[in-house]
1. Taking the condition over 19 Å from the mean Cα position of the chain (by Cα) and within 11 Å of another protein chain (Cβ to nearest Cβ), does residue A:133 pass?
2. Taking residue B:40, is it assigned to a helix (DSSP H, G or I), surrounded by 24 or more Cβ atoms within 10 Å (Cβ to Cβ) and within 22 Å of the chain's Cα centre (by Cα)?
3. Quick check on the range B:430-455: of everything there that is within 13 Å of another protein chain (Cβ to nearest Cβ) and in contact (Cβ under 8 Å) with a residue 40 or more places away in the chain, which residue is nearest to residue B:380 (Cα to Cα)?
4. Looking only at the range B:379-388, which residues are at the interface with chain A (Cβ under 8 Å from one of its Cβ atoms) and either assigned to a helix (DSSP H, G or I) or closer than 20 Å to residue B:451 by Cβ (or both)?
5. Counting only residues that are part of a helix (DSSP H, G or I), at pLDDT 90 or above and touching a helix residue (DSSP H, G or I) at 6+ places or on another chain (Cβ under 8 Å), how many does the range B:468-492 have?
6. Could you say which residue among A:91, A:84, A:104 is within 14 Å of chain B (Cβ to nearest Cβ) and under 23 Å from the mean Cα position of the chain (by Cα)?
7. How about the range A:177-189: which of its residues are more than 9 Å from chain B (Cβ to nearest Cβ) and surrounded by fewer than 24 Cβ atoms within 10 Å (Cβ to Cβ)?
8. Against the condition modelled with pLDDT of 90 or more, within 14 Å of chain B (Cβ to nearest Cβ) and out of contact with any helix residue (DSSP H, G or I) (no Cβ under 6 Å at 6 or more places or on another chain), how does residue A:228 come out, does it pass?
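The values are calculated or read from the model by the stated rules, or taken from the named source; none is laboratory data. Predicted model only: the values in this text are computed from it and were never measured. Please note: Cβ atoms are built from the backbone with ideal geometry, for glycine as well, and neighbour counts cover all protein chains shown.
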């Protein structure tokens, strides 16, 4: 294992940027809104730059010595105290192909979210403090190679949501916020119990994930133990990944959340759940994963089909996207459940693809809701004439959602379907069905909103603001790049996925 | 050997207590907040004086009182709590009473009682120390005579307290009857070698002691006095009740169960586990229904006691190694809990000084009238709930991790579920503060500088323990060390005859 201290500091800097921005904002007086916005813009841009650097600098396999975990940095935190042995808890950061991709996603979506909420005027300072806590939690979870810090950041990402939704949200915001928080924290209860059990059973006296992964493979964690505790981690993380039947917070939460929070939440936070399943499920408890994966396949498929059917009947923009997220996260879980290299690669691609595309959709929904103050599809019609730019962005995002070739959704879903057909052909068929339904609900939305006679009530709507255009263009760029030139993504993810334990190549 | 030097810190504290009472006698018109600052200064001297005992060889006074790292730990905790409580009371008491010297004097003496609960190695000494603490508290709870609710609370506390003391004494007498000694190490030796027919008496004795001490730390079902006493007491005394009073109870628990009863763990460990389970479930469930902030904290702190009792149970189920690790984690958790609670009460006191309202609904809109206090309350409640960045996350994780064993995983799981339940009612408080507008007529106001600095300092403490618990954890481990060395003495068979033997030159 090679240590590259210099690059490790890049990872650290990426993690610290949102946390430093958060701390700075605490000391800025609340009425200095311009300063608050500038700090946030700079922080967002720096994060985008750093996370792009991490993605680009990640070394793909080129023969010879390849280690999937790169850019590591280790600092001792607590060790040799009470039950903690050598390397008890370390701030151990690093990226593999999967987390490099996820870091890029976080950077893109966080910056887009900053741009989108720059006009926010109600308690701006408080909003950005919580927003950066959320983003910091996401980065931390992706980078952490220590179980303690993994969970630390995982929890950090969940908690600010309560206030973010409760204060700045809309439509039954208190209900949505409370339901979302309780369900997500309820999920982490299971993870918490699982962590205690794993630490105790492994008996290594360290929370180092790399060492614990080793224990998972060399038999220190017995097969029976792995089979018992795999569900703890998968259901715990699965709640966040909208695993059916624990997805019910997702439509309500998304409906209530303010634009930028929806973007980061659907775009990045739900991916933390799937990422947790890879880290704590597949990598930590491979035998348990092998045993339980058919079950996850069933639940994932139900989620994919159920989500798209439910989206077909909704009339609220955000509910459609909420259910479509459930459906797409269902694909992710199906991809993971194949336990094959191509399927898991597809799942990670889908995590990225769904992240940017759903962020774009929520951005567009926010742009129209801010002016129209309604999200009911039936109120609209003929919007193409008044907001042409808006329609273009929404259409592309929607088509990526459906899986149109040339956009990111196609790349991801193609990999997942191939993986699923190789392992569980029947479920592969159902997944295609869900994709077909996705086309139906998206086209239904297009026809109801974009076309038809223009309601005079909407003649005064103005098109996207420059900030929204920049934000949208950023996300759109990511969607298109992944659609036409997916090699950099597939290389990075594939190299790491092939080395996962018990994954068929 | 009679070494009176080991008492010097308490000579300072108790001497100053008498001095303060005399001061008001001779200078009746002295400003009452000056007395508070005087008490603060004394407590600081007391804390500094106890620092000189760190790392010295354990020194005992005829085997009844031992000053070792464990005692020093609780000396610092006592001095700190008394100092903070005194500052908190300055304004509060000046507005409500004509005389205040007894209040501050009793506060210092209560602190001394708490220290000797930790230092006692003999049952009668432990009992007397405990009574010193509780007698002071009986008076302090009803100190503000103008409020009838305070007198009612005090009376209820005295009656139930007397009952629990009787229980405790009866238990002690049974144990004395079986073992023929009140010294912890002799009890340990005698319990290990006792005749087989003595089981019932030993069990009854242990249960009565458990109930007696359980009453003092307000473990369910012996918690009935707590909500009323908390509600009726002056706010700073409520803080004292829920911090030092409980911490001292756990000091007694640790010394007693690690030193005297560890050889007979089979007889009591199941009861402690059960007590822990009942306490945490009951405390947290009843807390949900509360409308008064003090009562909410009373029940929430009952829940906290349940988590801490898990450690005592773990001591019974594991060997000395487990016991030592778990007690270190408990000591760390106690510090985090005490600091968080004091921060919470500092903020509540500052708010109460302004509004005179201690209901939960009375906190509404605090984010606008006093954002700093709202922040302090948020941080301390999140710390109780065990969310990252705040003390509770790391300390609770360590505490539960160290208690995890095959026998106790269920209890640890239950504790985690309970800390999830607690998040719900903490969020309800948060909701009042952040999501509602303030009551009409309550504009933004300033906090007195003393309370502001105090709140900020405690806030920094909560964050420090949450982010970098290492140094304190090491300190806690050194403090927990002497607890289990006593057991080693007994095994080595070095003990023969009279009380003189245990003293080390």
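1. Numbers: over 19 Å from the mean Cα position of the chain (by Cα): no; within 11 Å of another protein chain (Cβ to nearest Cβ): yes.
Here the answer is no, as residue A:133 does not meet what is asked.
2. Values: assigned to a helix (DSSP H, G or I): yes; surrounded by 24 or more Cβ atoms within 10 Å (Cβ to Cβ): no; within 22 Å of the chain's Cα centre (by Cα): yes.
In short, no.
3. Start the filter on the range B:430-455 by keeping residues that are within 13 Å of another protein chain (Cβ to nearest Cβ), which leaves B:430-437, B:444.
Narrowing the set further to residues that are in contact (Cβ under 8 Å) with a residue 40 or more places away in the chain leaves B:430, B:432-434, B:436-437, B:444.
Details: B:430: 11, B:432: 16, B:433: 14, B:434: 15, B:436: 20, B:437: 22, B:444: 22 Å.
My answer is B:430.
4. Restricting attention to the range B:379-388, the residues satisfying the condition of being at the interface with chain A (Cβ under 8 Å from one of its Cβ atoms) are B:382, B:387-388.
Selection gives B:382 alone.
5. 8
6. Values: A:84 fails: under 23 Å from the mean Cα position of the chain (by Cα); A:104 fails: within 14 Å of chain B (Cβ to nearest Cβ).
Checking each option against the conditions leaves just A:91.
7. Of all residues in the range A:177-189, those more than 9 Å from chain B (Cβ to nearest Cβ) come to A:179-180, A:183-184, A:187.
Once the filter is applied, which keeps residues that are more than 9 Å from chain B (Cβ to nearest Cβ) and surrounded by fewer than 24 Cβ atoms within 10 Å (Cβ to Cβ), the range A:177-189 yields A:179, A:183.
8. On the way: modelled with pLDDT of 90 or more: yes; within 14 Å of chain B (Cβ to nearest Cβ): yes; out of contact with any helix residue (DSSP H, G or I) (no Cβ under 6 Å at 6 or more places or on another chain): yes.
Against the criterion (modelled with pLDDT of 90 or more, within 14 Å of chain B (Cβ to nearest Cβ) and out of contact with any helix residue (DSSP H, G or I) (no Cβ under 6 Å at 6 or more places or on another chain)), residue A:228 qualifies.
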